[in-house]
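Visitor: The structure follows.
No lab work stands behind these numbers, since they all come straight from the coordinates. Computed from a predicted model, the values in this text were never measured in an experiment.
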Amino acid sequence: MNKNQHVTPHPQGGWQVKGAGNQRATVRTETQAEAIKIAREIAINNNSELVVHGTNGRIREKNSYGNDPYPPKG
């Protein structure tokens, strides 16, 4: 599985899309909705996961675009 894409608040305002473990943002946007749209496209192309964080930094939503087994084990 490739790098998960995280949508987080940018320290200087707006929102950013960052690949897991990356130091720098891939994209910086004005709105969270724009960042989510871009991150979703990247996650789909990379068969990875999209992780959306709220303004407080906590995970708000997760979507997997990888190879999910169905039915899940357990």
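Visitor: If you stretched the chain out fully between Asn56 and Thr26, how much longer would it get, using 0.36 nm times the residue separation minus the C-alpha to C-alpha distance?
Guide: This chain segment gains 8.7 nm when fully extended.
Visitor: If you don't mind, there's one more thing I want to ask. Note the direction-averaged projected area, equal to a quarter of the hull surface, for the Cα convex hull of the chain, in nm².
Guide: Spelled out: convex hull of the Cα atoms, projected over all directions, averaged, 5.4 nm².
Visitor: Same structure again: Taking 0.36 nm per intervening residue step and subtracting the Cα-Cα distance, what contour gain separates Asn45 from Gln12 on full extension?
Guide: Gain in length upon complete extension: 9.1 nm.
Visitor: If you don't mind, there's one more thing I want to ask. How big is the antiparallel share of DSSP beta bridges in the chain, given as a percent to the nearest 5?
Guide: The antiparallel proportion sits near 80 percent.
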